[in-house]
Structures are given as structure tokens and as C-alpha cells.
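Below is one structure, written out as C-alpha cells; comments come after it.
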């Protein structure tokens, strides 16, 4: 598209050996033996007949691009040549994409939302005639839809994005997506909330059928209880689903062995219902859960938690390993919290001054020597780009995967740290990262989503 | 306290050290060096030079009276030997070789000050440049004087977009400074160096690293940036302007490069062409001595860019 013509212009005209110091022959290539001490005088009107190319119009708006990176073997990155390389085009199999890679899918579609599950990626797309939700990656439980090019032989893995055929009318668009281990939740603008994929614990919001073959049969379930409600955010834990309404009530369903459904018991919960405990009556603005510990923030800046606490994530209110009802966490010295992220063993919170606090077990971001913290500790703001040259840089959002933590600052820079399976942090290596480091993406990162071993980001260009 | 020196050897003894000169544009460093050496030797010869040592002759014979006479020594006469101070006697070295197209602050060392220039180079001081460019065309040499090979529109470039692109480039360079620290990125020392101040100086030889990029003037099609960097050269700065335009989806050519600061030395310290004579160079050596004394960096992190460079500009 636009960028490809630009690259073409640069590689042909400029790389023909013209960019060398000293004598340059006007032919555009070197002639051995013929040098000029004094360059030939230039005709003052030599540039008049050159065409003036317009690469960008005066009123054009910058595009949104999609970048993915991490493990490429399961097809979640969306580029088919990583898994089925074309020898004629000099493509090779790629196991790990260790730095951000720009996805062609984002050039041909207007992507409005994206999410990473465990080995698959789902995109919510605007204005296409086929579908408004696409997915790629592992498809063992139809988490990215049913794809049977040959009857009774469903594809177990997709290597490039394909439409997820949710049975809604053509005018309805999917606006929000969330994905867990093997299921996907999609919120449409006119026809409610739909789920697809594995339902072994009731995470799709429908009754559990024993010995159901999820890969063979794709069942799209519309969650009727949420039809009348305005959904602000959806989030998926490992095998649980959370729905946050605009009124601030959190609904959940799915696996509850660690109490992560927050419904007062440790069983599976196939019916969607509100979370009970201290959170009742509060106006929640964000829910975060990527594995089995859940954190929620209300509009006053207070944090509530429930679910797994084996790594002391909730130890400000309990010493038990799990809690099944929500409790308000006591976090002194942290200020008004605006964002939270709860991964497998680590938790992050962001306060209104742009400071990031982390606690839990693992590479929490304070260097290689700090491997656990029971209380939230502040990660120095200089690591997030705040130094004497840019004193106004502060963090605006935090996200996480299972063992990966990510933060975006006010200049649109993305910082990642944590465990690094397959180079999924996008830093160019596969070693664990013990403190936040900026990922090299040229553009303003709007949203990033982390899975187990891959990440996807929605980036706005500068021009 | 002014000191008046009339005797050339005394001035020669004072002519040891590092000093700072404003190199005009379109002058190569080799030419500058020849001009300076010529001026210094001319000025030294104009002072009162060492008189010829007299020749002592003993005339006569042993039988007669022996007479001791002091005669004119032609072996030491300036008209025979040539001027007392010749260009080949003066050692002049530079800390960094500035390209013909770059004007500005240039650090040189004379006689025993040549060792000082090595020290200045090794301490990897931050240099600030004023780089001007013009959108709309690109040339084969990436500078104003080349042949135009492409033209493009530039009306879509706004000050805000240029600023955001500069911040992206700056953040990218700050991030890559991590690699050149000379420390293992997974180690505790790297974490401490980065979390203390955020800006780090490379521990070993590194490619050009940009620390600060600022817009000084934005007047389409012209723009002017202030670039603070280390280990750069003229070609790199021209490429910087060119790459900046590519990111903004247009073309640009570099029109001017001017070094305004070299570590603690600024434009106020540097000597203009009309002042390239012995008297002013000796003054400059004296003024540069305190600046030269503490330029060796102590730690990996750049403790306060502003403190490292002098307050005045």
C-alpha cells in the first residue's frame, strides 16, 4: 500500500550507490577508474522537471496498524509464511518472532479491537461484508470458529486470520472481544454477547454437556441474561469469563476451583450471574484476570480481589490460598488506583499519578534480585521513559498475560517485562526480562494484549 | 590579571594545552590546522626570539698572546637557519574531525596538549548540533549541494507530527543505549544504572547515539532541530534528516549543521577566525584548563545532562 510504494522509491533510486561520500557520478553507478576531483557544476534548473510526488494528502488521517510477535508455531501471529513458507519467495519456517512484526491483515482491514488467547488471536473488524470478527491460531475447541473445508474434518489450527461466523445479521458488528484458554467472548453492538469454544467448566455461559466434542461442533451461544445490559468490558481468565456492565456490576461464569468466579463456591458455574462480596454496590470500572486471580477497580480508586492467592496476591486481606467472594484489598501508600492487571503469579496496579506498583512472585520488574513481594512496590518511573529530557512521561495503562507484564506510557511507548517464552516480550531475545524495557514500535501503541507466549498490539501511525 | 609576554620562548612554554576554536563552514580540518599552525609560528617569530649564541674564538698562537674573542655566530643566525619557530615544530591535534560542511565548536590541542585531546575523545562528551533541513526535495549527497533526485509534497507535516516522530527516535536511542552499556541487560547493575537516572552513557565504543532531539524552528518547508548525541559524524546527521523525512512520508535535505556545544565547551568559549593568533590562543588555553580538568565520566549513567555541560550557552 502506501508504505510499499515508499520503500520501492527508496530502494531503487537511493540505494544504487549514490549515497556515498565524495565523488558521485551522475549516472547512478560507479565507473571504475574515472574520478573527478572537482564535481561537475550542476545546472541550476536541473530539478524543475522532476515530478513532485504526493505520498500523503494534506488532510489524511493516520492508519491503525496491527503488530504481533512471539511464538509463531501455533499460527497465532497470523502470517502463513511462518508455518507454510514459500521456497520460491525465499521464506523460511520461523519458530519465534522476537521483535514486533506488522501484520498484513491490519493493512486490509480496519481493526477496532484485538485480544490474545492461549495460542490464538481474535480481531474485531469494522465494515467488511463477510464478518466482523476474525481469528487465527489454535482451533482445537472451535475457539476461533468452525472451519471445515472438508466435511467432518475441522481444522485444528489456522495460520492466517479467517472470519468467525457468529450467527448475527450483516449489519451487526462485533465491537469487543476477549479470549481465554480455549474460548472466545464477543460483544456485538446490537445483538448482545456471544461466546464460542470450550465449555468444559461452563465458561461459555451455557450448561456443561459431558463428553462434548468442541472441535467437531461449533456452538455459538448468546448469553440472554446480558441482552438488556450495556457491556463496558469483557475479560477472560484461563477458563472463566467476566462481563463488566456500564453500571459497574461484574458478572462471571466458568471454572471456579480457585474461587475465581467470585460466586461464593468452588464449583464450576455454567450460569452467568453477578459476583458477590465486598464488590456488591460498587461501581467497578475495570476487571482484570488472565489466569485465576481476579482484581477489580472501582471509580473511587479502590481495589477488590478474589480467586487464587497462592502467590500472596491477596494477602492484604487473607492468608488462605483461595477466596470465593470478593474482598476489598488494603493497599496503603498507593494512592487512587486507575488500572489493574492480574497475571498468573504477579499483579500490577497503576495510580492516577502514572506510577506503577507490582507485587506477587516472579520477575515483577525491580531487577533480577527481587523475585517476590507481598505488598505493592513501586517500579521506578525512569524505567518507563521519565527522565530529564521527557519529564512529563507517565504510564497510562497496564496489561498482562500469564507471565508477561506490559505498560503503555503517555507518549505511546510500550514497555514489557516478565518471563519471555519464545521472545514474546518483543525485545529481540528469549531471555527473561527483570525490569521494564521499551519495545521498538514506531507509532503510538493504543492497545496491547498478551497471551501465554505471544502478544498483539494495535498501533496508530504518526502520519 | 594580564600578563605581558615579550619573549618568544616564554610564550612557547605557555603554548601547551587544549583550546577551542569556531570552525567556519566550507573549511576542511586540514586547512584549518595549517592556518592555525602558520598563524602561531608567524606570531611567535614576531616576538623577541632567542638571540644567537655568541661564538667564542681563541686567536693567536701559544708562543704569542692568546686572545679570547666573541665573534658573530653565523651558525645560529636566523637569516641562515631560518625563522626560530617553523610550522613543523608545532604539534596540533584535534579531538574530533569535523566535516567540511559542519561549522562550530572544535577542540584542538597544541604541543603537549595533544594528549589532552585523546582524553577529551575518550570521555565521550555529549555534543549538541543545530541541524537545519528543508522538506520537499532530496539530493544524492543528502546535503544542499547535491543533485536533486526526488521531490515530494510536505504540506501534511505538522509541528505535532514532527515532535512525535522525534520522540519516537529519541526513545529508540535511549532504549538501544542499554546494549552499549557494557553490562549484561539481565544483571542488577544494569537495572540500577537505568533506574537511577534513565539516561546512560555507553561503556564501550558505540554507534551514534542520540540523547535529545528538540524542534528549534518549524517554518514549512524549513525546520531546525537541536540534536544532542555522541559518536556522530556529518554523514550520520545528514542521514538523520533524511530518515526523519522518510518517517513523515516526505523527503528532506540537510541545509546546515552547526556544533554549538562540545561537553563543557560552548560557542562563548570558541575563537572566531579573526582571533586565531597567539595572544588569543594562549588566553583560550588558560580559560579551557578548568573545563578540561573534570570531564572524565565517573559512572555509566549520565548524571544530569545539564550539570555535565556548562550553564551558559
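The values are calculated or read from the model by the stated rules, or taken from the named source; none is laboratory data. Please read all numbers here as calculations on a predicted model, not as lab measurements. Glycine gets a Cβ as well: all are built from the backbone with ideal geometry, and neighbour counts include every protein chain shown.
Screening residue B:57 with (1) in a loop (DSSP other than H, G, I, E, B); (2) modelled with pLDDT under 90; (3) farther than 30 Å from residue B:104 by Cβ gives one miss only, at (1). Given the structure, is residue B:163 facing chain A (nearest Cβ under 7 Å) and under 29 Å from residue B:105 (Cα atoms)? Here the answer is no, as residue B:163 does not meet what is asked. Looking across the range A:415-424, just one residue is surrounded by fewer than 21 Cβ atoms within 10 Å (Cβ to Cβ) and either within 14 Å of chain B (Cβ to nearest Cβ) or under 17 Å from residue A:136 (Cβ atoms) (or both), and that is A:422. If you go through the range B:260-278 one residue at a time, do you hit one that is assigned to a strand (DSSP E or B), more than 13 Å from chain A (Cβ to nearest Cβ) and out of contact with any strand residue (DSSP E or B) (no Cβ under 9 Å at 6 or more places or on another chain)? No - not one qualifying residue is present in the range B:260-278.
Residues that are free of Cβ contacts under 8 Å to residues at least 24 places away in the same chain, within 12 Å of chain A (Cβ to nearest Cβ) and touching a helix residue (DSSP H, G or I) at 6+ places or on another chain (Cβ under 6 Å) do not occur anywhere in the range B:176-183.
One line per residue, one yes/no per condition, for (1) touching a residue at least 40 places away in the same chain (Cβ under 8 Å); (2) not in a strand (DSSP E or B):
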| residue | (1), (2) |
| --- | --- |
| A:402 | yes, yes |
| A:417 | yes, no |
| A:431 | no, yes |
| A:438 | yes, no |
| A:442 | no, yes |
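Of all residues in the range B:184-212, exactly one satisfies the criterion of being within 8 Å of chain A (Cβ to nearest Cβ), in contact with a helix residue (DSSP H, G or I) (Cβ under 6 Å, 6 or more places away or on another chain) and modelled with pLDDT under 80, namely B:198.
Do we have residue A:193 as buried (at least 23 other Cβ atoms within 10 Å of the Cβ) and in contact with a helix residue (DSSP H, G or I) (Cβ under 7 Å, 6 or more places away or on another chain) here? The answer is yes for residue A:193. Could you identify the single residue in A:443, A:367 that is in contact with a helix residue (DSSP H, G or I) (Cβ under 7 Å, 6 or more places away or on another chain) and on the phi > 0 side of the Ramachandran plot? On inspection, the qualifying residue turns out to be A:367. Scanning the range A:372-390 for residues that are at the interface with chain B (Cβ under 10 Å from one of its Cβ atoms) and either surrounded by fewer than 20 Cβ atoms within 10 Å (Cβ to Cβ) or closer than 17 Å to residue A:411 by Cβ (or both) yields A:381, A:382, A:383, A:384, A:385, A:386, A:387, A:388, A:389, A:390.
Rundown of residues vs (1) in contact with a strand residue (DSSP E or B) (Cβ under 6 Å, 6 or more places away or on another chain); (2) crowded, with 21+ Cβ neighbours inside 10 Å, yes/no style:
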| position | (1), (2) |
| --- | --- |
| A:426 | yes, yes |
| A:429 | no, no |
| A:436 | yes, yes |
| A:452 | no, yes |
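Can we say residue A:107 is within 11 Å of another protein chain (Cβ to nearest Cβ), modelled with pLDDT of 90 or more and in contact with a strand residue (DSSP E or B) (Cβ under 9 Å, 6 or more places away or on another chain)? Spelling it out, it is not the case that residue A:107 is within 11 Å of another protein chain (Cβ to nearest Cβ), modelled with pLDDT of 90 or more and in contact with a strand residue (DSSP E or B) (Cβ under 9 Å, 6 or more places away or on another chain).
Within the range A:84-101, restricting attention to residues that are touching a strand residue (DSSP E or B) at 6+ places or on another chain (Cβ under 8 Å) and surrounded by fewer than 18 Cβ atoms within 10 Å (Cβ to Cβ), the residue that is nearest to residue A:425 (Cα to Cα) is A:99. Which numbered condition in (1) farther than 29 Å from residue A:76 by Cβ; (2) surrounded by 18 or more Cβ atoms within 10 Å (Cβ to Cβ) is the only one that residue A:246 fails? Unmet condition: (2).
Could you check, for the range A:198-212, whether at least one of its residues is more than 26 Å from residue A:307 (Cβ to Cβ), touching a strand residue (DSSP E or B) at 6+ places or on another chain (Cβ under 7 Å) and not in a strand (DSSP E or B)? No: the range A:198-212 contains no residue that is more than 26 Å from residue A:307 (Cβ to Cβ), touching a strand residue (DSSP E or B) at 6+ places or on another chain (Cβ under 7 Å) and not in a strand (DSSP E or B). Among the residues of the range A:225-243, none is identified as surrounded by fewer than 17 Cβ atoms within 10 Å (Cβ to Cβ) and modelled with pLDDT of 95 or more.
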